[in-house]
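Just so it is clear, none of the values below were taken in a lab; they were calculated from the coordinates. Note that the structure is predicted; figures quoted are calculated from it, not measured. Cβ: placed from backbone, ideal geometry, glycine included. Neighbour counts: every protein chain shown.
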Amino acid sequence: MRSSRTDWKYVVDTLLFLCFLGLAAVGLLMAFVIPEGRVEIGQSKFFLGLHRHQWGDIHLFLSLAFMALAVVHIVLAWSWVKGKARALFGRAWKAGIGLTVLAACAVPLVFWLALSKNDPAYADLGMGRGRQGLRVDVSDRRLPEPSAAVPAPAPAKDAAVLPSAAPESAVPTNAALSSATPPAAGLPSGRAGQQAVVEKVHEDQTVAGRMESGTAEVVITGQMTLREVERSTGIPAGAIAARLGLPSGASADTTIGRLRKTYGFEMQALRDAVAALLEERRRSPAA
């Protein structure tokens with residue numbers, strides 16, 4: 001039994017309808033069910049076992065299939081399209097079809113013109129913390145008196161040690177400072193010496209992004225603000241901004257990611273600036 005043009009139209013139109021339903025369902029799913037950007041505790045970007053990016057891929061493939069089927073649909077109905085164009089535009093029916101195609105292509109341009117450009121609200125979306133997002137902030141840690149120091153409990157035998165985590169081991173404990181670590185040359189002993197050692201380790205983490213043991217522990221990330229960098233390093237936010245060449249109106253409470261997008265500096269330039277300021281403070285006679 002030979003298939004007629006009408007049969008092919010029925011198959012193509014059915015597939016077009018299924019693609020349309022799939023596009024609508026996945027679009028609503030990504031808009032209202034699966035969160036975008038950085039997620040909070042308890043949220044997940046997985047739905048029915050698929051990640052948000054995988055659902056995005058499905059949406060893309062359905063869009064490509066829809067466009068291909070739409071072209072086939074127009075080819076199969078070309079006689080009807082020409083007849084309706086002649087009835088509407090007369091002898092200028094070809095120009096009418098061309099204007100219709102241009103209008104369809106202009107739809108994305110209309111949305112582009114209507115939406116705001118370089119919106120700061122979207123600057124940090126997609127900038128995950130990753131392994132280098134771990135922060136170690138010892139600025140507010142208070143060391144008790146040496147007499148009241150309590151050694152940390154020994155880890156369990158079967159406890160797993162994660163090389164990229166270990167936030168508590170990033171700062172030497174009182175027991176380690178008082179017994180295992182001798183006073184460094186040029187540093188005072190007692191409580192003042194302990195605090196100096198803590199500051200020295202913290203500065204090393206800030207400058208090199210690594211602990212002396214080699215564990216990756218970057219403390220300056222795009223999600224931080226210059227005010228947070230000031231609290232964790234002791235370097236004034238204004239001095240950091242001046243070293244980077246930022247204008248006086250740059251807010252110290254805006255995330256570094258947004259400042260980087262606005263003023264065009266690199267994260268490595270920021271880390272180098274903080275490192276240089278820490279070195280100047282360490283060499284200063286008043287330090």
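For region 21-122, the square roots of the Cα gyration tensor eigenvalues, ordered a ≥ b ≥ c, give a/c of at least 1.5 with a/b no greater than b/c, which places it in the oblate category.
Taking other C-beta atoms within 10 angstrom as a stand-in for reagent exposure, Ser248, Ser63 fall in the order Ser248, Ser63, fewest first.
Less than 5 angstrom separates the built amide H of Arg38 from those of Gly126, all sequence-distant by 5 or more or on a different chain. For Phe89, Phe17, the sequence from fewest to most other C-beta atoms within 10 Å is Phe17, Phe89. Residues Ile58, Ile256, Ile74, arranged from fewest to most other Cβ atoms within 10 angstrom of their Cβ, appear as Ile74, Ile58, Ile256. Per-residue extension of 0.36 nm, minus the Cα-Cα distance of Ser44 and Gln223, leaves a gain of 62.4 nm for this segment.
Spatial offset of region 249-285 relative to region 1-73 amounts to 45 Å, using the alpha carbon center of each.
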